[in-house]
Amino acid sequence: MELLASLDTPTLAFVTGLAGVLLAAAMAGIRLAGMRNPALLYWGLAGLAFGLGHQLGHLFLTLDFGVPRAAALSIANGLITLTHVLLLAGTRAYLGRRTWLGPLLALAAGLILVGALWTEMQQVLRTRVLVLSGFYLTMDFVSGLHLWRARSSGLTLFRRFAAGVFFFNATFLAVRFVYAAGTQTLTGSFVQDPFQILFFVVSLVFIFVLTLGLALLMFRGAEIELQRLVHRDPLTGLFNRRSLFEHAAREEARCVRYGTPLSLVMVDIDHFKAVNDGHGHAAGDEVICQAAARIACALRDTDAAFRLGGEEFLILLPSTDVDSAIAVAERLRGEISRTPMESIGARVTASLGVTQLARGREDWESAMRRADAALYRAKAEGRDRVFVLSPPAAAPRIEPDPVPDLP
């Protein structure tokens, strides 16, 4: 407490404002680095509002600029209130939700107006602390709750770190609310009250650590997206040819080790050149995307679908023999042609080739070539059908001639 009492509140307010500028600069830097998440704009503006609120409050209340005290307090607190609104709006934007910005700004403006109605300094400060602290802690708690509950592979830990920062500040603001309700010492924003000094210190730590947490969150998200693009086709979201080698080799090894079957299905959209020629390449791309989505929805979680290029796809079916693979292929054929494609207003069909890996006698690439040959047989026989090529039969075992007994 003695250490807190020795700190100067106007100086603390100035330094705390610099933390807001740091948040704004960090978000602007991340955006300039190429990230275009809308949350960066909201969080950057939140840092700017926080910095301006503290800096203007410091200038108006310590230097004589001719600004009435009530007006100075309303401006400073209005900007700090805007900070918490923008932090929540940014959090919701980051998670792909509506920002609630309009209603929240209207509510914040009403609270600032209520605080401005009190003219006596003691009433102004204590009332503002009670009203605004309750609002701030609600905004921060909701921001933290959104991040805590949002699950995403590789991001959950980072989101919960940022959520913990919000929860920490909300908890302190709740304590401040209780303190303000039971004390008469809060007679001014820069009063040398230990808890008021602690408020500026905690605000400084909150914004600084939040800046770190949000920056880590954005960079980790960018890293995960880059990893996804390495292994995923950017148009359809399916696995790409590059990731096929890793998946197929792993499934082949599992097939050999555990003695389970592995089947392959090759899929090709029929008459796709006519789609491009008649409707344009943009419509053709949309047909590919819709076909990929229908394929993905018709598969099990253990299956894997790959876009090999153009309108051609490969599907790996672990623990699936050739008869079951034929049933899967027929289901896929029906799903693709079941309803018209929205981009062209017409149905498309697909030809499919099916085979099963000859376990222990060939590798997956040989099986894929056979599935491709089966696909071309399906097209040659009229398209919109499934053709099967069985794996080569095992060579018969030749028993050695018996050795005659010697006399």
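The values are calculated or read from the model by the stated rules, or taken from the named source; none is laboratory data. Since we're looking at a predicted model, the values are computed, not measured. Because the Cβ atoms are built from the backbone with ideal geometry, glycine has one as well, and the counts that use them run over all protein chains shown.
Values for this structure:
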quantity	calculated
In the stretch 287-328, residue surrounded by the fewest Cβ atoms within 10 Å (Cβ to Cβ) [restricted to those that are among the charged types (D, E, K, R), farther than 24 Å from Cys255 by Cα and touching a strand residue (DSSP E or B) at 6+ places or on another chain (Cβ under 7 Å)]	Glu312
Identity of the residue in the stretch 202-227, touching a Gly at 6+ places or on another chain (Cβ under 9 Å) and of a type in the set (D, E, K, R), that ends up farthest from Leu88 (Cα to Cα)	Glu223
Candidate set from the stretch 340-368 (those that are of a type in the set (Lys, Arg) and either touching a residue at least 40 places away in the same chain (Cβ under 8 Å) or in contact with a helix residue (DSSP H, G or I) (Cβ under 7 Å, 6 or more places away or on another chain) (or both)); member that is surrounded by the fewest Cβ atoms within 10 Å (Cβ to Cβ)	Arg347
Boolean, Val275 is outside any loop (DSSP other than H, G, I, E, B), among the β-branched types (Val, Ile, Thr) and at pLDDT 95 or above	no
Scope the stretch 228-275; condition touching an Asp or Glu at 6+ places or on another chain (Cβ under 9 Å), charged (D, E, K, R) and crowded, with 19+ Cβ neighbours inside 10 Å; matching residues	Glu252, Asp268, Asp270
In the stretch 95-110, the residues that are surrounded by 17 or more Cβ atoms within 10 Å (Cβ to Cβ), touching a Gly at 6+ places or on another chain (Cβ under 9 Å) and assigned to a helix (DSSP H, G or I)	Ala108
Residue pairs meeting the criteria (Cβ under 6 Å; at least 6 apart or on separate chains; first at positive phi and in the same structural domain as Phe166 (by TED's automatic domain parsing), in the stretch 217-229; second loosely packed, with under 15 Cβ neighbours inside 10 Å and part of a helix (DSSP H, G or I))	none
Answer from Leu23, Leu86 - the residue that is modelled with pLDDT of 75 or more, surrounded by 22 or more Cβ atoms within 10 Å (Cβ to Cβ), assigned by TED's automatic domain parsing to the domain that holds Gly110 and closer than 20 Å to Phe135 by Cα	Leu86
Test: Ser337 is in the same structural domain as Val267 (by TED's automatic domain parsing) and buried (at least 17 other Cβ atoms within 10 Å of the Cβ)	yes
